[in-house]
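Q: Below is one structure. I have some questions about it.
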Amino acid sequence: MDTRPIGVFDSGLGGLTAVRQLLRQLPHEDIVYFGDTGRVPYGNRSPQTIRRYARQDCAFLREQGVKLIIAACGTVSSTALSVLEEQPLPAFGVVEPAADAAVRATRSGRIGVLGTAATIRSRAFEQRILSRDPSLQVVQAACPLFVPLAENGWTDREDPIPRLTAARYLAPLKEAGVDTLILGCTHFPLLTDILSDYMGQKVTLIDSGREAAAECARLLGQADLLSPAQGEGRCRFFVTDRPDDFTHVAERFLGRAIGDELQTIELDSLTGGR
Ligand code: DGL
């Protein structure tokens, strides 16, 4: 048993989709969330910058006394794996759990991967999938416009704008006959209806936050690090800025109000960057 909180970080508020999954799967755990809202987005930055930010984000969570770190951010998970591996406590991202779930799910052997430009450029999902089974075929697509659409709440399945955007991005994947699609970015679960309508009901969508939460439950159980099953866990949220419409955007990702356990911290106070 271990009552220390689980640490989750992301470039901004999108990682709250992973917290939503943790709350479902591990309701008794305390959670500390760090969203780098002062520097979001990470998805169009260089690998060096993403690694430096990830190092600082992890250092902040360690200072909060967490027992494990989840990088909910697809961009960090795919570009800064070395930073996660150098942590002195269990730390992992979404690439491995989501890629492994896709390998288990596919029947046709053709898997699609969606992410930010940095995520797709890294080829991290593809490498993980092929390391599991080199006979699989992976088709990737960078979908940067899904990020502002999700943040602005333009996710209604009847709305022609996200539908057309999805059709433009996904056409090559549909053509390639993928039967499994990894949503390799925090924001994309909000577009599930639209993605599913376009790809068809037979295509399995893999929510990377849900798979990361399942991996967290597995790891904590295995290492006997779960909190005792008493009452609801406490969630604390830390951000580096509170931009316009912050509360609504946070609610969209978390699926409920963020509440008053929210603190803004100074970017200058972050340590651990190199
Ligand atoms: N959180 C990022 C991801 O999952 C999306 C937003 C960004 O570009 O920072 O890749």
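Q: Rg and Dmax of the chain, using alpha carbons, in Å: what are they?
A: 17.6, 50
Q: Please compute P(r) over all alpha-carbon pairs of region 64-116, binned at 10 Å starting from zero, and give each bin as a whole-number percent.
A: Going out from 0 Å in 10 Å bins, region 64-116 shows 22, 45, 25, 7, 1 percent.
Q: Given contacts defined as C-alpha pairs under 8 Å and at least six residues apart, what's the relative contact order of the chain, whole-number percent?
A: Across the chain, relative contact order equals 29 percent.
Q: Residue farthest toward the positive end of the dipole of the chain, with Cβ of Lys/Arg at +1 and Asp/Glu at -1: which of ALA18, THR49, MET1?
A: THR49
Q: Please report, in whole Å³, the volume per residue of the convex hull around the C-alpha atoms of region 160-213.
A: Output value, Cα hull per residue: 76 Å³.
Q: If you don't mind, there's one more thing I want to ask. What is the helix-to-structure angle for 47-63, meaning the angle in degrees between its Cα long axis and the longest Cα principal axis of the chain, kept from 0 to 90 and rounded to the nearest 10?
A: It is inclined by approximately 40 degrees.
Q: Still on this model: Can you sort PHE92, PHE34 by how many other beta carbons sit within 10 Å, fewest first?
A: So the ranking, lowest neighbour count to highest, is PHE92, PHE34.
Q: At 7 Å along the Cα-to-beta-carbon direction for both ALA229 and ASP244, put a label point, then send me their distance in nm to one decimal.
A: Simple spin-label model gives 4.8 nm for this pair.
Q: Can I ask one more? Which of the peptides 246-259, 74-87 is most tightly packed, and how do the rest follow, going by the mean number of other Cβ atoms within 10 Å of each residue?
A: 74-87, 246-259
Q: Along the charge dipole of region 73-180, which of GLN137, VAL76, LEU164 sits closest to the positive end, that is, farthest toward it, with unit charges on the beta carbon of Lys, Arg, Asp and Glu (+1, +1, -1, -1)?
A: GLN137
Q: Starting from the Cα gyration tensor of region 101-176, multiply each eigenvalue by 5, take the square root, and state the resulting semi-axes largest first in whole Å.
A: After scaling each eigenvalue by five and taking roots: 26, 14, 10 Å.
Q: Can you grab the distance from the C-alpha centre of region 115-148 to the C-alpha centre of region 2-29, Å, no decimals?
A: Using only Cα atoms, the two centres lie 24 Å from each other.
Q: How big is the charge dipole of the chain about its Cα centre, in debye rounded to the nearest 20, if each Lys and Arg gets +1 on its Cβ and each Asp and Glu gets -1 on its Cβ?
A: I would put it at about 740 debye.
Q: Going by alpha carbons, how many degrees (0 to 90, nearest 10) lie between the helix axis of 16-25 and the longest principal axis of the chain?
A: 80 degrees
Q: Hey, another quick one. Return one number: the angle in degrees, 0 to 90 and rounded to the nearest 10, between the long axis of the Cα atoms of helix 95-105 and the longest principal axis of the Cα atoms of the chain.
A: 40 degrees
Taken together, the values in this text are just the output of simple stated rules run on the coordinates, not laboratory data. Please read all numbers here as calculations on a predicted model, not as lab measurements. In this analysis, Cβ positions are derived from the backbone assuming ideal geometry, glycine residues included, and neighbour counts consider all displayed protein chains.
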